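Heads up: the structure comes next, in structure tokens.
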Amino acid sequence: MLRNICVTQLNLLKSATSLQQQVRTTFILKRKYEPLLHKTNEKPRRMRAKHFIYELVEDTQVKKRPNMEVVLKTFVEGVGDKGDVVSMKPHFVYNKLLLPGLAAYKTPENIAKYAKTEAEKSAVKHSSAYAQRTVNMLESIVLAVIMNKDEPWVLEPWHIKASLRKAGFHCKEDCITLPKERIEGPDLKKESKDFYCIVTINKLEQATLKCRLHHWSTDPSERLPYVLEHWKMTSEPLLDVSSPEKETLNC
């Protein structure tokens, strides 16, 4: 009995080491020196060593693959909405869309299956594929709002608009909703304190923007010391309410 068990184990190990996996690689070559032709019904001429020198024409392993077309089953941020037919790189399609079950191959059956119904078309949740990405970016930053240290002022939407433009974001004043409580200055007690405002994108998506107040003077001797990477430092809230309520705006 023990002898049979030992023989079986040895056979299993032997079969496991002999497994081979096929590698599909194709190289398209051409001769660098073409051999001379021979006459009809005569023995072909013997080829020389130079006739066995080849030049690489194409390596299919590194050849760029064409884009794949798939039908989205649901909304995918930065890609599209349900029922959209998108064409993207195969690596992204396999790993980010097909494997998680967010898309299906483009066929007439799948296009009809995942098309939006009339109820889904009327209930719009996303204005575009990139709007949510903009919301995420706005909510991940701490916006520096620079106000005058010498002259009186009242915070208005155009101040936020100018600060957003300096940070690389462009929006209209109508898209910015300030806190209900009035913010005015100059007041050094409000220096480096945070408040929140709402930015509406495409009249639908809304982002809660964190702002930090800073005072600045035209006189170099009156300027406050520069704080390096102020957004990484902890700060106190400027108002009692941490963030304003989100509302639908016509912007």
- Note on the structure: Per the filter on segment 177-205, residues basic (Lys, Arg) and touching a Pro at 6+ places or on another chain (Cβ under 9 Å) are LYS180, LYS193
- Message: Given the condition at pLDDT 90 or above, touching a helix residue (DSSP H, G or I) at 6+ places or on another chain (Cβ under 9 Å) and either in a helix (DSSP H, G or I) or not assigned by TED's automatic domain parsing to the domain that holds LEU213 (or both), answer yes or no: does some residue in segment 112-134 qualify?
- Response: no
- Query: Among the residues of segment 157-192, which ones are open to solvent by 50 Å² or more (accessible area, probe 1.4 Å) and either of a type in the set (Val, Ile, Thr) or in contact (Cβ under 8 Å) with a residue 40 or more places away in the chain (or both)?
  - Reply: LYS172, ASP174, LYS180, GLU181
- Note on the structure: For GLN206, the lone unmet condition from (1) under 28 Å from the mean Cα position of the chain (by Cα); (2) part of a loop (DSSP other than H, G, I, E, B); (3) not hydrophobic (A, V, I, L, M, F, W, C) is (2)
- Item | Given (1) in a strand (DSSP E or B); (2) of a type outside the set (A, V, I, L, M); (3) touching a helix residue (DSSP H, G or I) at 6+ places or on another chain (Cβ under 7 Å), number of the condition PHE195 does not satisfy | (3)
- Message: Cβ-Cβ under 6 Å, sequence separation 6+ or interchain: first residue in segment 84-98 and crowded, with 16+ Cβ neighbours inside 10 Å, partner part of a strand (DSSP E or B). Which pairs?
- Response: ASP84/LEU72; VAL86/GLY80; VAL93/MET68; VAL93/VAL70; LEU97/VAL70; LEU97/ALA103
- Query: Considering segment 138-156 alone, what residues qualify as being under 17 Å from LYS210 (Cβ atoms), touching a residue at least 24 places away in the same chain (Cβ under 8 Å) and open to solvent by 30 Å² or more (accessible area, probe 1.4 Å)?
  - Reply: GLU139, ILE141, VAL142, ALA144, ILE146
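The values are calculated or read from the model by the stated rules, or taken from the named source; none is laboratory data. Model, not experiment: these values are computed from the prediction. Neighbour counts run over all protein chains shown; Cβ positions are idealised from the backbone, glycine included. Ligands, DNA and RNA are stripped out before the accessible areas are found, and what is left, the full protein with its side chains, is counted by its heavy atoms. Shrake-Rupley method; radii C 1.70, N 1.55, O 1.52, S 1.80 Å.
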